[in-house]
Amino acid sequence: MIVKAFPQDFVWGVSTSAYQVEGAWNEDGKGESIWDRFCHTPYRIANGDTGDIACDHYHRMPEDVALMKELGVKGYRFSIAWTRIFPDGKGKINPKGLDFYDRLVDELGKAGILANATLNHWDLPQALQDLGGWANRDTTDRFAEYARVMFDRLGDRVALWATHNEPVVVTSGYLGGSMAPGLADASVAYRVAHHLNLAHGKAVQVFRQGGYPGKIGIVLDLQNYIPESDSEADVLATHRMLDHSHHLFLDPIFKRQYPQGLMEWLGTIAPQPQEGDMEIISTPIDFLGLNYYFTLKVRYEPWGGLLKAAARPFSAPMWSQTEMGWGVHPEGLTAILLKLRNHYGNPDIYITENGTAAPDQPDEHGFVQDRERIAYLRRHLIAAHDAIQQGVNLRGYFVWSFMDNFEWALGYRPRFGIVRVDYATQKRIPKLSAYWYREVIRQNAVWE
Ligand code: FCB
């Protein structure tokens, strides 16, 4: 047996997001978000599911934190629902919303669990969407305002802050498809991407000016894209995909510029920074959050939309696809981590999401022996360990997800949790993977 030991102080965590677990969508003064609106629109979400109740985490938060503690978890990544704080996106603050997150970070503190808070995990206030949402430059200032309120209230107890989660998915919400706000207007989408970057930079500046004790970064989903063949057309299509999903966000933040190739490809619909924007966006961050799930093989495809590219899931030998139809390729994680080391100045990195939706089969007690999930997590941790050995500054790992939850447009069918949620009773039942993870944490190591 080979034991792969992780560095001391490595943060072993679990991850969720507000809309996916909290429920209580209109309680205690919470306003409507674009995800509330989207889910309440017929035919948007599989099975007509909504996040109205979700895992009822809003009411069960203390017991959820207690379970994390029991499982030995060292960090909890959650997101803050902007609409609990500013029900109308701006103006009047809702004290009860602030109180909820205040209680959460206190509870985490008592349990000795590090707090990792994301400000925007996609649930923009609907009131701001009505004014254009992220297409409206004014939203960047509203975001900075909201960020300041949160830093002021929780800044003494939150160790890690992230501005956005996966801004490319927010951008996709304006390109058409299955994510809120469900618009399809490519001429707006890249303005949205720029405003997300600008909002990020403004929030980082507020954080720096306030001198808060924690660290701040952004969470990007960087999947591994490789060309289907070495033909020039496939290689260029892969570059376009990478520019769109990686470099559109990485480059302005780390290199103060947009990827030139993509700018030329997009022409008049490319981001149009105003003077000073790039300086704001590239305000140094303390860490990068990485969400990694899969590898895609890319080919040139004349009907492949704006980017003229198409992608299919790729799995390493012996692996089938997950319940999401995603491939499994742990080495892809090492590749992405090395890319960040080689081309983006070897930043401090936390893997803020990684995990899988497996075909869980509960026994009569609701217990799930999810060996597939354990195999997935173990291989990805080994891949992460390989990267650390090659000099990557990886500081922590947060499993997606702490518990089964609302998987956006796919509703409740895919189950990502290491804890099973029986939605009829809201009972939490740790799966075998939760006990396995507890052992990983205890030993600060994986073994193969
Ligand atoms: C990521 C999201 C997260 C979750 C996982 C499965 O893209 O950030 O909320 O849905 O995928």
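The values are calculated or read from the model by the stated rules, or taken from the named source; none is laboratory data. Please read all numbers here as calculations on a predicted model, not as lab measurements. For neighbour counting, all protein chains shown are included, and Cβ atoms are generated from backbone atoms with ideal geometry for every residue, glycine included.
With respect to M61, is the statement that it is out of contact with any strand residue (DSSP E or B) (no Cβ under 7 Å at 6 or more places or on another chain), crowded, with 19+ Cβ neighbours inside 10 Å and either polar (S, T, N, Q) or closer than 22 Å to R415 by Cβ (or both) true? For M61, the condition - out of contact with any strand residue (DSSP E or B) (no Cβ under 7 Å at 6 or more places or on another chain), crowded, with 19+ Cβ neighbours inside 10 Å and either polar (S, T, N, Q) or closer than 22 Å to R415 by Cβ (or both) - is met. Being among the hydroxyl-bearing types (S, T, Y), touching an Asp or Glu at 6+ places or on another chain (Cβ under 6 Å), modelled with pLDDT of 95 or more and at negative phi is a property that Y300 has.
Yes or no, residue by residue, for (1) over 26 Å from A144 (Cβ atoms); (2) touching a residue at least 40 places away in the same chain (Cβ under 8 Å); (3) within 16 Å of the ligand (Cβ to nearest atom); (4) under 21 Å from the mean Cα position of the chain (by Cα):
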{"site": "G267", "(1), (2), (3), (4)": "yes, no, no, no"}
{"site": "Q272", "(1), (2), (3), (4)": "no, yes, no, no"}
{"site": "G276", "(1), (2), (3), (4)": "no, no, no, no"}
{"site": "I281", "(1), (2), (3), (4)": "no, yes, no, yes"}
{"site": "F294", "(1), (2), (3), (4)": "yes, yes, yes, yes"}
{"site": "V298", "(1), (2), (3), (4)": "yes, yes, no, no"}
{"site": "E301", "(1), (2), (3), (4)": "yes, yes, no, no"}
{"site": "L306", "(1), (2), (3), (4)": "yes, yes, no, no"}
{"site": "F314", "(1), (2), (3), (4)": "yes, yes, no, no"}
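Note on segment 71-186: enclosed helices (runs of 4 or more DSSP H) holding 1 or more residues that are out of contact with any Pro (no Cβ under 9 Å at 6 or more places or on another chain), aliphatic (A, V, I, L, M) and away from the ligand (no atom under 16 Å from the Cβ) are 82-85, 95-111, 126-129, 138-154. For beta carbons closer than 9 Å, sequence separation of 6+ or different chains, a first residue in segment 423-440 that is touching a residue at least 60 places away in the same chain (Cβ under 8 Å) and at positive phi and a second that is of a type outside the set (F, W, Y) and outside any loop (DSSP other than H, G, I, E, B), the qualifying pairs are Q426/H59; Q426/R60. Has segment 370-387 got any residue that is acidic (D, E) and over 28 Å from S178 (Cα atoms)? Yes, there is a match, as at least one residue in segment 370-387 is acidic (D, E) and over 28 Å from S178 (Cα atoms). If the condition is being over 15 Å from the mean Cα position of the chain (by Cα) and in a loop (DSSP other than H, G, I, E, B), then segment 402-416 contributes D404, G411, Y412, R413, P414, R415. If only residues of segment 377-413 that are surrounded by fewer than 22 Cβ atoms within 10 Å (Cβ to Cβ) and within 13 Å of the ligand (Cβ to nearest atom) are counted, the one that is farthest from K427 (Cα to Cα) is A409.
For the structure I just gave you, tell me whether D138 is within 17 Å of I93 (Cβ to Cβ), surrounded by fewer than 17 Cβ atoms within 10 Å (Cβ to Cβ) and not hydrophobic (A, V, I, L, M, F, W, C).
Details: within 17 Å of I93 (Cβ to Cβ): no; surrounded by fewer than 17 Cβ atoms within 10 Å (Cβ to Cβ): yes; not hydrophobic (A, V, I, L, M, F, W, C): yes.
No, not satisfied.
Within segment 289-323, the residues that satisfy the criterion of being assigned to a loop (DSSP other than H, G, I, E, B) and either of a type in the set (S, T, Y) or touching a strand residue (DSSP E or B) at 6+ places or on another chain (Cβ under 9 Å) (or both) are Y292, Y293, F294, E301, W303, G304, K308, S315, A316, S320, Q321, T322.
If only residues of segment 342-365 that are out of contact with any helix residue (DSSP H, G or I) (no Cβ under 9 Å at 6 or more places or on another chain) and closer than 30 Å to G391 by Cβ are counted, the one that is nearest to the ligand (Cβ to nearest atom) is E353.
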